[in-house]
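Each remark here refers to the structure printed beneath this line.
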Amino acid sequence: MSVFSNLIDQDATIISLQNAVAASKDESTKSQAMTHAWLFTGPPGSGRSNAALAFAAALVCEKGGCGSCNNCKSALAGTHGDVELIRTEGLSIKIDEIRELVSRSSWGASISPWRIVIIEDCDRMTEAASNALLKALEEPGSQTIWLLCAPTLHDVIPTIRSRCRHINLITPTTQEVSNFLQHALNVEKDEAELAARISQGHLGKARYFLTNEDAPKLRKKSFEILFSARDIPSALSAADALLSLAKERAESRLQSLNEKEEEELRNAMQGTSGRGLISGGSKALKDLEKDQKSRLTRSVKDELDGYLLDFTTLLRDALSTPDSILNLDSRNEIAKIKASLTPEAITELTHSINRTRELLSTNAAQLLSLESLFLDLLAINRGN
C-alpha cells in the first residue's frame, strides 16, 4: 500500500507528487517536477496536511513511498528524524516559532536525502512570522524542502506564494468518503454513508463521528439548543447554552493534554534539591499557561464553527429534495424548519449564520455574536 493510498479522490495531486518524488531521486534528470517549496491548498477536510505528510514520506523513502518501510512509517507517524511537522494549536504562529524553525531547517539531513519541514495552517502566521519564513524560502538550503498548508492561495502573502509550487486539493465526494470509511473502519454501509453526508466529504469529521460515541449526542444536543429559542429570554439562554456546550467540550478534550504538559514541564524544571523550580521555571509555567489558554480559545472557536456549520446543513436540507438530504438522522428537525420558515426566510437565516461564523473567526465577543444570531432567528421566524 502506497503512502498516497489515504488521499481520497485526489488522482491529479497524487500524479504530480509522484512525478516530483521520481525527479528528486534521479540526479541525471532535467525535470522541473521537483522544487524546494510547496503550498498545499484546499477546503477543510480535503486532506491538505495528509497530502503534505504523504509527500514527505515518499521523499524520504528509498522506494518512493512504499508505505511499508521504516522511513515511510516513521514519517507518517511524525517520528522521522528528517521530517518536522508543525501543528498549530494556538490562535497564531509567531515570529519566535518561525525563527527557531528556520534555524533547525538549516541542519543537514541525518538518514535521508532531504530535511523536510511541514507547516500546517501557515495562514495563521503573523505578518512578522511570514516575513521571517520568506527569507528562508528566498535562500533555501540545498537539502531542505518546505511544505506549507493553507485553505486558499489568498491566505498566504504573495511573496511566499510566488516562491512555492502550488498543489490544490478538492473535497472528496461523499461516495468516495463512504467507501473509504467502510474499508478503513469496517463499518456498515449505512453508517459510513451517514457520516460521509453530514461531514460533507470532510474525512476527519466523518472519522470522528464514527469513532467517538459522544459525537452523535453532542450533535443532537446542539440541534435541541437551536430549536429551544422561542422568545427573547429563551433565545438569549440558547446562545449561552451553545457557548457553554462548546467550552465544556473543548475543555474536556484538552484537559489530559494540559495536565500532561504541565507535569512534564514541572519535572524538567525541578531543582536538584527537590524544593522548587530552577531559575526560569516560573516563567516557563506562565508561558505554558498562556499557550494553553490560546489553544482553548481556538478550540472553542472550532467547536462553535462546527455547530453553526451543522445548522446551515439543516437549512440546506430544508430547501432540498428528499433524495439529496445530508442529515439523514435529522428528518424531524428538517420538517420543523420547513413548517415554520419560508424558503426566503431559510436563505436569510443561512446568511445570518455565515455572518456569525465570520465574526467568531475574529476576536468578536462570542456570546454577543451568538445572542445576535438567535435573535435574528426569532425575528425571521416572526416575520413568517
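Could you grab me the full set of residues in the stretch 102-125 that are outside any loop (DSSP other than H, G, I, E, B), closer than 16 Å to Leu85 by Cβ and charged (D, E, K, R)? Scanning the stretch 102-125 gives Arg104, Arg115, Arg124. If only residues of the stretch 135-173 that are among the polar types (S, T, N, Q) and without any contact (Cβ under 8 Å) to a residue 60 or more places away in the chain are counted, the one that is surrounded by the most Cβ atoms within 10 Å (Cβ to Cβ) is Gln143.
When Asp323, Asp305, Asp231 are screened for being at pLDDT 90 or above and exposed (fewer than 12 other Cβ atoms within 10 Å of the Cβ), only Asp231 passes.
Scan the stretch 139-173 residue by residue and report those that are farther than 23 Å from Leu53 by Cβ and modelled with pLDDT under 90. The answer is Glu139, and nothing else.
Residues in the stretch 37-59: is at least one farther than 30 Å from Ala196 by Cα and either over 24 Å from the mean Cα position of the chain (by Cα) or free of Cβ contacts under 8 Å to residues at least 12 places away in the same chain (or both)? I'd like the intermediate steps shown before the answer.
Step one: filter the stretch 37-59 for residues farther than 30 Å from Ala196 by Cα, giving 37, 59.
With either over 24 Å from the mean Cα position of the chain (by Cα) or free of Cβ contacts under 8 Å to residues at least 12 places away in the same chain (or both) added as a condition, the list becomes none.
No, the stretch 37-59 contains no residue that is farther than 30 Å from Ala196 by Cα and either over 24 Å from the mean Cα position of the chain (by Cα) or free of Cβ contacts under 8 Å to residues at least 12 places away in the same chain (or both).
Summed over the stretch 211-241, residues that are over 23 Å from Ala335 (Cβ atoms) and in contact (Cβ under 8 Å) with a residue 40 or more places away in the chain total 4.
Taking residues in the stretch 72-94 that are in contact (Cβ under 8 Å) with a residue 60 or more places away in the chain, and partners anywhere that are assigned to a helix (DSSP H, G or I) and of a type in the set (Asp, Glu), the pairs with Cβ atoms closer than 7 Å and at least 6 places apart or on different chains are Gly90/Asp291.
Checked against (1) within 20 Å of Leu7 (Cα to Cα); (2) not in a helix (DSSP H, G or I), Gly81 passes all but condition (1). Just one of (1) within 24 Å of Glu303 (Cα to Cα); (2) assigned to a loop (DSSP other than H, G, I, E, B) trips up Pro140, so point out which. Failing condition for Pro140: (1).
The values are calculated or read from the model by the stated rules, or taken from the named source; none is laboratory data. Bear in mind the structure is a predicted one, so any value in this text is a computation, not a measurement. Here Cβ is always computed from backbone atoms with ideal geometry, including for glycine, and neighbour counts include all displayed protein chains.
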